[in-house]
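Here is the structure we will look at.
The values are calculated or read from the model by the stated rules, or taken from the named source; none is laboratory data. Bear in mind the structure is a predicted one, so any value in this text is a computation, not a measurement. Backbone-built Cβ (ideal geometry, glycine too); neighbour counts: all protein chains shown.
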Amino acid sequence: MMYNTYMDNMDKNRFQKNSKYFTITVYAIVGFLICALLVKIIFNFSQVWNAVKVVVGVLSPFIGGTILAYLINPMFKFFDVTFFGKWLHLKNRRKLCKTFSLILSYIIVLGLVAALIYIIVPQFVTSIRSLIGGLGAFATTVQGWINNLQTHFNNLNLDFIKDSIASLVPTLEERLKTWAEGLMPTILSTSVGVISGIIKVILAIFVSVYILSDKMNLEKGIRNIYYATFKKEKASEVSRITRECSNIFSNFFTGKIFDSLIIGILNGILMLILRLPYPLLVSVLVGVTNVIPTFGPFIGAIPSILIMLMTGWKEALIFTIMIIVLQQIDGNLIGPKILGNSTGLRPIWVLFAITIGAWVGGVAGMLFGVPVMAVIGHIAEELINNRLEEKGLSSMVERASPPQTLNYSDMVRSIFKKKPKKTASDDTDKDNKE
């Protein structure tokens, strides 16, 4: 009897498992580790940032290959689905369609790069040299303006400005000449002579080819990881959010580059029609800077206007009016048709993303900041909506339509697509809804 009582007391004092306290302990440990990591990053930010740069440098072929695959994917899908599948009726020969689609896509991309290096770049350098040659005449013109001001306003002393221009122009000419003379060899040596650069470019191309050719298996493998890690419902939701985030990135980069290409070409055509100088130089500048959201048009327009001003104030005025009209067309017609609301961000968050991106990564950060912020916002919106639904507040949830992957045929059609005419039945339906 006493033995049984002793064993009962031992059973009561024995440690009992409790899943609730175990979960709390795990959360506490994870939270402590995250806080410790954040403190380490904050107090050793420069060292952590240098380590991140080293890791990014090592993984640059894979990062570059992934970005290249994102950019080529719409073209690849156009050839695979539309050109070979629908137009040539080769849907049943999937491997043949995929192979030829990859070959055609990379021939076009590499051909454009080769044309940029061997055709456009020399003309670009020639324009810069011509621009340098006009610096002296421009300085003389400015000094003439200053002399006229002093003639009309006797009390106005502008000698220091004339002295500054007189000393600045030779220095600026010398620096620009040195830069222009070394530009072409630098480009050629960078694109052809640097072994490490060539290896990284080749690796990036191979990575992009692998991603595009085997993307179905890659997507399947990622889904398997989700289903092996989470419950079935949660895995399906994570897979859906991942696909939507991927579409946000793809839509933004593909649409923005396509939009900037159109703007650069239109800028060049308009400059040739209006007989403005340096059409190639200015068009490349306007097209490249237009890729940067919000601030890109200003970054490209201001130096372009200064270049025109070196030729004459009439040319600068004509170009200013032209670029304002072109940017209005882009902002109200071409851009919305191609991009739509691809990011779903409010203007304040776009500005925030650009500011933080510029601080972290310069121009590249300004470009990547917007889609990254869009992805973060999309995930946050999903988490908030799910939480509201769990609390029975599903009536407050307003889910945005998931972003669809764009292709080049959709982009071209979207520009020339006409809005359907409003009919009497549409007005009746609207009144009934109200």
Q.
I'd like the full set of residues that are under 30 Å from Ile356 (Cβ atoms), at pLDDT 85 or above and of a type outside the set (Gly, Ala, Ser), limited to region 304-328.
A. Ile305, Ile323, Ile324, Leu326, Gln327, Gln328
Q: Sort out which residues of region 71-97 are basic (Lys, Arg) and either surrounded by fewer than 18 Cβ atoms within 10 Å (Cβ to Cβ) or at pLDDT below 85 (or both), and write them in order of number.
A: Lys86, Lys91, Arg93, Arg94, Lys95
Q. Tell me, which residue of region 257-283 that is hydroxyl-bearing (Ser, Thr, Tyr) and free of Cβ contacts under 8 Å to residues at least 60 places away in the same chain is nearest to Ile321 (Cα to Cα)?
A. Ser283
Q. Which residues, counting only those in region 220-265, are more than 21 Å from the chain's Cα centre (by Cα) and aliphatic (A, V, I, L, M)?
A. Ile222, Ile225, Ala228, Ala235, Val238
Q: Return a yes/no flag: does region 57-70 have any residue that is surrounded by fewer than 18 Cβ atoms within 10 Å (Cβ to Cβ), within 17 Å of Val207 (Cβ to Cβ) and among the polar types (S, T, N, Q).
A: yes
Q | Selected residue [in contact with an Asp or Glu (Cβ under 7 Å, 6 or more places away or on another chain) and modelled with pLDDT under 85] from Ile292, Ile334 | A | Ile334
Q. Does region 60-99 hold any residues that are closer than 19 Å to Phe252 by Cβ and of a type outside the set (A, V, I, L, M), and which are they?
A. Gly64, Gly65, Thr66, Tyr70, Asn73, Pro74, Phe76, Lys77, Phe78
Q | First in region 244-256 and of a type in the set (Asp, Glu), second anywhere and crowded, with 20+ Cβ neighbours inside 10 Å and not in a helix (DSSP H, G or I), Cβ under 9 Å, 6 or more apart | A | Glu244/Pro403
Q.
All but one of (1) in contact with a Gly (Cβ under 8 Å, 6 or more places away or on another chain); (2) closer than 26 Å to Trp313 by Cβ hold for Asp259; state the number of the condition that does not hold.
A. (2)
Q. What helices (runs of 4 or more DSSP H), lying completely within region 345-434, carry at least 1 residues that are modelled with pLDDT of 75 or more, within 28 Å of Asn290 (Cα to Cα) and not acidic (Asp, Glu)?
A. 347-390
